[in-house]
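Read through the structure below, which is laid out as structure tokens, and then see the notes.
The values are calculated or read from the model by the stated rules, or taken from the named source; none is laboratory data. Here the structure is a predicted model, which means the values were calculated and not measured. Neighbour counts are summed over all protein chains in view; Cβ atoms, including those assigned to glycine, are modelled from backbone coordinates with ideal geometry. These accessible areas exclude ligands, DNA and RNA; they are computed on the full protein's heavy atoms, side chains included. Shrake-Rupley method; radii C 1.70, N 1.55, O 1.52, S 1.80 Å.
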Amino acid sequence: MTVSEDDWTTLETDHRPGQLTWTRIHPESEHDLYLQIVDPGAHRTFALRMRERPSSELVHLLRELRQTHGIAVQVAPAGEGRRDLQVQLLDAGLGEVFNPLVADIAQTVVATAGTGDAPVAAIERFEHWRRLLQSVVDVGLSTEKRRGLFGELTILFDHVIPAVGQQEAVSGWTGPLGRHQDFQLPTSAIEVKTTAAKQPQAIEITSERELDDQGIAGRLLLTVLSIDERQGGTGRSLNALVDTIRATLGATARSRFEEMLVRVGYLPHQKDLYHEPRYTVRSLGCWRVTGDFPRIVEKDLRPGVGDCHYRITVTGLDSYSLEPSGITDFLRGSAL
């Protein structure tokens with residue numbers, strides 16, 4: 001479930017000063033979750049109604065939680081001795097960030113059905129968002145993350161959307177969610193690497209799960225974009241690529257796309273940070289990850305070993321290579 005501006009606009013239209021205006025979300029859940037307009041200030045608020053007194057763990061987390069500019073977390077009375085754990089928007093300029101934040105925390109709470117402490121899960125997920133916002137508050141995405149985002153969006157626009165259509169392509173873009181591959185589609189998965197090195201001879205793999213095809217319905221493709229990065233010139237900025245993709249999407253796919261951008265740290269109010277540099281794709285290497293492709297996967301590890309980082313030398317991978325023109329067929333399940 002997503003949370004949209006329309007959801008809040010409906011509540012704000014019905015709101016009267018001094019009253020609490022609300023609607024329930026995820027009615028299928030065992031937890032009581034609400035979108036609220038709360039006075040004073042008519043602040044947009046996400047609320048989890050707690051059935052018990054705050055646990056000692058929750059109290060500790062709230063005490064340790066660092067302040068986040070424009071978004072507050074608190075426990076508020078909800079009448080008849082009940083309490084709401086509230087996440088409240090104080091700065092309207094963060095509205096486009098607040099919506100995916102609320103949707104993500106709500107989904108996290110729903111997933112705790114029958115287990116654990118839902119308020120604790122909500123706070124821990126909020127802390128994930130707090131760290132994300134803090135990391136980009138002044139300087140935006142790091143150089144590496146900008147390159148990585150440009151690479152994923154290039155693959156999305158040039159190859160995935162033409163192959164499977166915009167809705168399936170955007171839904172399958174899982175890089176911002178921290179999944180094991182950057183694209184997880186019904187018939188295939190893609191891991192995307194982006195580098196500004198002159199002649200990338202090695203590919204950096206950051207997890208034993210990145211090239212593990214266990215559980216993938218179809219096949220796994222490794223792609224490496226070698227890019228030129230410079231101020232000015234004829235290349236494409238990150239903003240220009242985002243705007244081009246956004247203009248091609250329908251309303252539903254566009255909403256999901258914008259949510260994923262926020263999740264990766266590309267925030268609407270920071271667009272001025274991304275007019276430069278400009279990128280030009282110098283080459284695109286593609287390899288089918290199958291059989292004896294050189295890789296470390298989880299089943300090969302001894303007990304107690306994990307979080308593997310390693311490099312793959314591109315020399316000698318010709319038997320696994322795929323021409324970029326063949327990516328479309330690969331994603332459609334028709335390339336060998």
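At a Förster radius of 41 Å, what calculated FRET efficiency corresponds to the Cβ-Cβ distance of Arg179 and Asp14, to the nearest 0.05? Walk me through the numbers on the way to the answer.
Working: r = 38 Å, r/R0 = 0.93.
Taking R0 as 41 Å, the efficiency between Arg179 and Asp14 is 0.60.
Among all the lysines, which ones have a C-alpha under 24 Å from Lys271's C-alpha, if same-chain residues fewer than 8 places away are not counted?
Lys271 reaches Lys145, Lys193.
Between the DSSP loop rule and a limit of at most 13 other Cβ atoms within 10 Å, which GluC sites (Glu not before Pro) in segment 1-100 are left? Walk me through the numbers before you get to the answer.
Working: sites: Glu5, Glu12, Glu28, Glu30, Glu52, Glu57, Glu64, Glu80, Glu96; in loops: Glu28, Glu30, Glu52, Glu80.
In loop regions of segment 1-100 (DSSP not H, G, I, E or B), the sparsely surrounded GluC sites (Glu not before Pro) are Glu28, Glu30, Glu52, Glu80.
For segment 195-266, I need the span (max minus min coordinate) of the C-alpha atoms along each principal axis, in Å, sorted largest to smallest.
Taking the Cα atoms of segment 195-266, the three principal extents are 35, 34, 21 Å.
Report the gain in length on full extension from Thr248 to Ala72: 0.36 nm times residue separation, minus Cα-Cα distance, nm rounded to one decimal. It would help to have the intermediate numbers written out before the result.
Numbers: separation 176, 0.36 × 176 = 63.36 nm, distance 3.54 nm.
Between Thr248 and Ala72, full extension yields 59.8 nm more.
Could you tell me how far the Cα centroid of segment 142-163 sits from the Cα centroid of segment 22-81, in Å?
Each part's Cα centre sits 36 Å from the other's.
Alpha carbon centre of segment 247-284 versus segment 179-200: separation in Å?
17
Can you pull the three principal axis extents for the Cα set of segment 1-151, in Å, largest first?
51, 37, 29
Compute the FRET efficiency between Ile216 and Arg51 as 1/(1 + (r/R0)^6), taking r as their Cβ-Cβ distance and R0 = 25 Å, and round to the nearest 0.05. Walk me through the numbers before you get to the answer.
On the way: r = 40 Å, r/R0 = 1.59.
That pair, Ile216 with Arg51, gives E of 0.05.
Taking only DSSP H segments of four or more residues, each worth -39500 (n - 2.57), what value at 222 nm results for the chain once the sum is divided by all its residues, to the nearest 500 deg cm²/dmol?
On the way: 10 runs with 108 residues, N = 336.
Estimated from H runs of four or more residues: -9500 deg cm²/dmol.
Using the Karplus curve 6.51 cos²θ - 1.76 cosθ + 1.60 with θ = phi - 60°, what ³J(HN,Hα) values do you get for each residue of segment 86-95, in whole Hz, with x for Gly and Pro?
10, 10, 10, 8, 9, 10, 4, x, 9, x
Accessible area per residue, 1.4 Å probe, Å², for segment 128-235: what's the number? Don't skip to the end; give the middle numbers.
Working: 4650 Å² over 108 residues.
Computed with neighbouring chains in place, this is 43 Å² per residue.
Given (1) 193; (2) 121; (3) 162, which label gives volume of the Cα convex hull per residue in Å³ as computed from the coordinates?
Read-out taken from this structure: (3).
FRET efficiency for Arg230 and Arg332, Cβ-Cβ distance as r, R0 = 35 Å, nearest 0.05?
Numbers: r = 35 Å, r/R0 = 1.00.
E between Arg230 and Arg332, to the nearest 0.05, is 0.50.
In the neighborhood of Pro176, defined by Cβ-to-Cβ distances under 10 Å, what is the net charge if each Lys or Arg adds +1 and each Asp or Glu adds -1? Write down the numbers at each step before the final one.
Numbers: positive: Arg179, Arg263; negative: Glu152, Asp182, Glu259.
Combined, the nearby Lys, Arg, Asp and Glu give -1.
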